[in-house]
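Data block below; observations after.
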Amino acid sequence: MNLQLANVISDISGTTGLRILRAIVEGERDPQRLAAMRDWRIKATPDEVAKSLLGNWRDELIFVVGENLALYEVYQQKVERCDYRIEQHLKNMSAQVDNNNNPLPKPRKGKRPHGNAPSFDLRSELYRVTGTDLTQIDGINVVTAQAILADTGTDMSAWRTEKHFVSWLGLCPDHRISGGKVLQRGTRKVISRAATAFRLAASALRRSQSALGARYRRLQSRLGAPKAITAMAHHLARLFYRMIKYGSKYVDHGAAAYEAKFKEQQLRWLSRKAAELHLCLAPLPNSAV
């Protein structure tokens, strides 16, 4: 029908989009009245929304929109039922921490609520059954943590060390070697929802201003995006294992701290190589070390 509503509203299944779609199905055709239904958080002006609703109204296509909208609402009801079952299952699990004596830490700054998160407080429930807040790790949100725990569980005794854990996930090197020569480099082909979740969390670090984000960007510049994602997924899996098994907490020191630590490591390496060559390092005058 040449309606361009999706060009001015980023999420057509949000509050404004569903409100306008329901009004269209019920018979409203005036663009100005439809635009007046916009939520105050929409950045587009009412005139821009009204212009996007100018088109050729066709009854048969309106019927299709109505059927799709009804089907969408049925799926939303099914999702709510699944969320309810997940909530009941988590409440039946034994608690690893007392929320009264050890309250849930404050969420990380800059972390937005996940759009597909359940309606109940999933973060508090995961903290109660694991004894640690996994969302403190940059790149891992509540939905990612839930997906990983659904595949691994909360008992890490099945893996003696974190090396066994990442090997089970297929996130460690598995080179093909014959006669002492590496024929092929890569990881084991493992079908694991947890490994997929770790890779998605690693890919979300690309623009993160955290120490993990700085580490990902350094690996990406040296190895390329695919290998950097695998390497960071490996690192995130190790952090996950330590937090679940030992109840440790993750503290992010920021990208600047990581860069300073990396620079210090580089200086130590250069000093050692210079000493092997009977040389010494000297900073340039009027330059910061």
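Annotations for the structure displayed:
- Per-region count, region 257-289, residues in contact with a helix residue (DSSP H, G or I) (Cβ under 8 Å, 6 or more places away or on another chain) and either closer than 29 Å to Ser210 by Cβ or surrounded by 11 or more Cβ atoms within 10 Å (Cβ to Cβ) (or both): 6
- Meets criteria (among the polar types (S, T, N, Q), modelled with pLDDT of 90 or more and closer than 17 Å to Arg242 by Cβ) for Ser203: no
- The single condition among (1) under 30 Å from Tyr127 (Cβ atoms); (2) at pLDDT 85 or above; (3) surrounded by 13 or more Cβ atoms within 10 Å (Cβ to Cβ) that Gln220 does not meet is (1).
- Residues that are touching a residue at least 24 places away in the same chain (Cβ under 8 Å) and of a type outside the set (Phe, Trp, Tyr), drawn from region 55-85: Gly55, Asn56, Arg58, Leu61, Ile62, Val65, Gly66, Leu69, Glu80, Asp83
- Residue within region 120-130 that is over 18 Å from Asp83 (Cβ atoms), without any contact (Cβ under 8 Å) to a residue 60 or more places away in the chain and either surrounded by fewer than 15 Cβ atoms within 10 Å (Cβ to Cβ) or small (Gly, Ala, Ser) (or both) present: no
- Taking the criterion of being of a type in the set (A, V, I, L, M) and either outside any helix (DSSP H, G or I) or not assigned by TED's automatic domain parsing to the domain that holds Ala201 (or both), the only residue of region 212-252 that qualifies is Val251.
- Residue within region 39-54 that is under 30 Å from Ser124 (Cα atoms), under 25 Å from the mean Cα position of the chain (by Cα) and not aliphatic (A, V, I, L, M) present: yes
- Unmet criterion (only one of (1) charged (D, E, K, R); (2) modelled with pLDDT of 90 or more; (3) exposed (fewer than 12 other Cβ atoms within 10 Å of the Cβ)) for Arg185: (2)
- Just one of the numbered conditions (1) surrounded by fewer than 18 Cβ atoms within 10 Å (Cβ to Cβ); (2) touching a residue at least 24 places away in the same chain (Cβ under 8 Å) is not true of Gly139: (1).
- If only residues of region 52-98 that are under 30 Å from Met243 (Cα atoms) and of a type in the set (Ser, Thr, Tyr) are counted, the one that is surrounded by the fewest Cβ atoms within 10 Å (Cβ to Cβ) is Ser94.
- Residue in region 146-161 that is in contact with a Pro (Cβ under 8 Å, 6 or more places away or on another chain) and under 26 Å from Ser13 (Cβ atoms) present: no
- Some residue of region 3-16 being farther than 24 Å from Gln76 by Cβ, under 27 Å from the mean Cα position of the chain (by Cα) and touching a residue at least 12 places away in the same chain (Cβ under 8 Å): yes
- Meets criteria (exposed (fewer than 15 other Cβ atoms within 10 Å of the Cβ), of a type in the set (Val, Ile, Thr) and not assigned by TED's automatic domain parsing to the domain that holds Ser210) for Val49: no
- On the stretch given as region 242-284, residues that are farther than 27 Å from Lys106 by Cα and in contact (Cβ under 8 Å) with a residue 12 or more places away in the chain total 3.
- Residues of region 160-182 satisfying the condition of being surrounded by fewer than 16 Cβ atoms within 10 Å (Cβ to Cβ) and part of a loop (DSSP other than H, G, I, E, B): Arg160, Thr161, Asp174, His175, Gly179, Gly180
The values are calculated or read from the model by the stated rules, or taken from the named source; none is laboratory data. Owing to the predicted nature of the structure, the values given are computational and were not obtained by experimental measurement. Positions of Cβ are generated from backbone atoms using ideal geometry, with glycine treated the same way; all protein chains shown enter the neighbour counts.
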